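Reading through the structure tokens given below for one structure.
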Amino acid sequence: MTRKLLYVIGFAAVLALPQVLPEELNWLIMLLDRALMIAIVAIGLNILTGNAGQISLGHAAFMGFGAFVCYGLTDIIGVPFWFSVPIAGFVAAILGWGLGFPALRLSGHYLAIATLGFGYAIPQILNLFEGWTGGWTGVKPSVPTLFGISFSSDRAYFYLILVTLVVLVWIARNIQRSAVGRAFIALRDSEVAAQAMGISLAKYKTMAFAISAFYAGVAGGLWAHWLNYISPGNFGFGISIELFTIIVLGGLGTVSGAIVGALFLGLLPKLTEIISLSLQRSGAFADSFFMQNVFKNSNQVLTGVILILVVLYLPMGLVDLWRKARVWWETRRQAAGRQAVPRGVK
Amino acid sequence: MAILELSGVTVRFGGIVAVNQLDMKVEEGTIHGLIGPNGAGKSTVFNVLSRYYEPAEGTVTFDGRNLLQYQPSQVVGLGIARTFQNVELFRGLTVWENLMVGQHHNIRYGMFAAALGGLLPRVRQAEQEARDRAMEVLEFLGIAAHRDAYPQFLPYGIQKRVEFARALVSRPRLILLDEPAAGMNPSETEELAQLIKIMRDKYETTVLLVEHDMSLVMSICERITVMDFGRKIADGTPAEVQANPAVIKAYLGEEEVEAEHA
């Protein structure tokens, strides 16, 4: 009961966020938009890597592919935006499914290297279709208009992303709780036993690739018409690694982990930048050239240190913090209960 | 009637012949033991039946069908379930979820239905039926209390039972038990023997087991096949097998010869 109420209040707060944030915090809405789109990709990647145990270090390529498919459909062919976003997802899913086949023969480090290869190859291939993708110069996807509302601002776009995110979270949770999700975990934990249970490795591994590519494709479609500028070079190794870091940091195999990880990694650099700036402006060690330089660069060092600390102390990811807090709270309450009862009775 | 029939099955790994011209019949409804010293080829036979290994020669017929034309993941659908020598439970799934995976081939809805989940009545119904069946089997094996536990945190004996349950829940006609008594003490083994019998009777299944523990094999098996160095050396009831000189030789070595030399 209280839990449901908390969810409702939380969701209302998220809905109100773009309305109540002052102009000076426009950067925050921009970062949130970006983080939530990345979160969509991360949810898909977490199904592939966290649940099905198949590493992908080239996931940004699916996102890029989705972005160009969505742009092509909307701005070249003239399909309505709301329709081309899911289509971009399905087309990316077909590509993911196809690339799942070579991946069948590989696992672990070798799969990581092979997917890295896809990650490099796909932008290069997209680059060849200059009429469609604009080559390295890129293209400018239009601002989407839905029901007469133009989604030109980050604040308006926030709702578009949020609706997509909610639907895709719901789907991801359904898949994880279904026979398909259980089959993914089964083949991750023991391929031999999974086969004996009737799970075809080829079918389910390629399915996992397809589902994760669908998420990447949808997010790519949103991304294209949010940024209004895309080039094949934008979807390289950097974003792929960011995605991988997010799911490990947030918590492998969970939807909440992907979202928490994306928000954390999306906002952390800005947070450390603020700390770094306030250190520089504090006037401390103002006469020390050395310390001023330390302060200036402290944001990157802080970001790195925080990431290392999270991985060290929360190997199960940030979402484990919630579980740990609950265990701590329960034991504290029980300890208090044990003390109180005997005193009252005797 | 023989539910499973192997004839002339030979498995080679490079130059090594792991199973050599094996003929074996498993009668429907029996508890059949497959025994032999280490390296005799027993587990290889199991892996042929699970379709992990491809025999170089021979035929395997299950219930009138040529087993060798099926994929490993299709075997359970034909009615053959198995357990593993070193328990192979899915660590990331709870006990009852493991049993849901055990029924995977019976749960017939695809990826798109899975994405919509509980919104579709047929998904809800399939899940509910599978859950009920899982609970029934868990209760039958006396491990219902552990249904929400993750298997690796359970005692070894319980894990073995969960694996039994996972095999049983698929409604098998033949169940392959790979060293079910491994790592168990004598009283646990005794319990296991009872369990296998009750299991066979209640679920009307045929049991084929590979085992090192002679007390277990002799007490519950109705038929026994003995292998040594990849060949079948004896076949028959426990009493017949125990009296067979070739079996005694395989297990105890050639005592007389050694005695003469000494």
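Of the conditions (1) in a helix (DSSP H, G or I); (2) surrounded by fewer than 16 Cβ atoms within 10 Å (Cβ to Cβ); (3) acidic (Asp, Glu), B:Glu54 fails just one. Which one is it?
If we test B:Glu54 against (1) in a helix (DSSP H, G or I); (2) surrounded by fewer than 16 Cβ atoms within 10 Å (Cβ to Cβ); (3) acidic (Asp, Glu), just (1) comes out false.
Take A:Leu99 and decide whether it is touching a residue at least 60 places away in the same chain (Cβ under 8 Å) and over 28 Å from A:Ile77 (Cβ atoms). Even if it seems obvious, please write down each step before you answer.
Numbers: touching a residue at least 60 places away in the same chain (Cβ under 8 Å): yes; over 28 Å from A:Ile77 (Cβ atoms): no.
In short, no.
Need at least 1 residues that are modelled with pLDDT of 95 or more, of a type outside the set (Lys, Arg) and under 24 Å from A:Asn174 (Cβ atoms) per element, so show me which helices (runs of 4 or more DSSP H) inside segment A:1-98 make the cut, counting only ones lying wholly within it.
Working: elements: A:2-20, A:26-45, A:59-71.
The qualifying helices (runs of 4 or more DSSP H) are A:26-45, A:59-71.
Would segment A:314-334 turn up any residue that is open to solvent by less than 50 Å² (accessible area, probe 1.4 Å) and hydroxyl-bearing (Ser, Thr, Tyr)?
No, every residue in segment A:314-334 fails to be open to solvent by less than 50 Å² (accessible area, probe 1.4 Å) and hydroxyl-bearing (Ser, Thr, Tyr).
Looking at segment A:235-248, which of its residues are buried (at least 24 other Cβ atoms within 10 Å of the Cβ) and farther than 30 Å from B:Gly102 by Cβ? Quick ask: steps written out before the conclusion?
Just the residues of segment A:235-248 that are buried (at least 24 other Cβ atoms within 10 Å of the Cβ), to begin with: A:235, A:240, A:243, A:246-247.
If the condition is that a residue be buried (at least 24 other Cβ atoms within 10 Å of the Cβ) and farther than 30 Å from B:Gly102 by Cβ, then A:Phe235, A:Ser240, A:Leu243, A:Ile246 are the ones that fit.
Grab the helices (runs of 4 or more DSSP H) fully contained in segment B:82-155, keeping just those with 3 or more residues being more than 12 Å from chain A (Cβ to nearest Cβ) and crowded, with 17+ Cβ neighbours inside 10 Å. Write out each step before concluding.
On the way: elements: B:95-102, B:111-116, B:121-140.
Fully inside segment B:82-155 and qualifying: B:121-140.
Filter segment A:249-294 down to the residues that are open to solvent by less than 50 Å² (accessible area, probe 1.4 Å), at positive phi and modelled with pLDDT under 90 and list them by number.
A:Gly283
Counting only residues that are of a type outside the set (Val, Ile, Thr), more than 30 Å from B:Ile198 (Cβ to Cβ) and open to solvent by 20 Å² or more (accessible area, probe 1.4 Å), how many does segment B:13-36 have?
6
The values are calculated or read from the model by the stated rules, or taken from the named source; none is laboratory data. Since the model is a prediction, treat every value here as computed from it, not as a measurement. Neighbour counts are summed over all protein chains in view; Cβ atoms, including those assigned to glycine, are modelled from backbone coordinates with ideal geometry. These area figures cover heavy atoms from the full protein model, side chains too; ligands, DNA and RNA do not enter into them. Shrake-Rupley method; radii C 1.70, N 1.55, O 1.52, S 1.80 Å.
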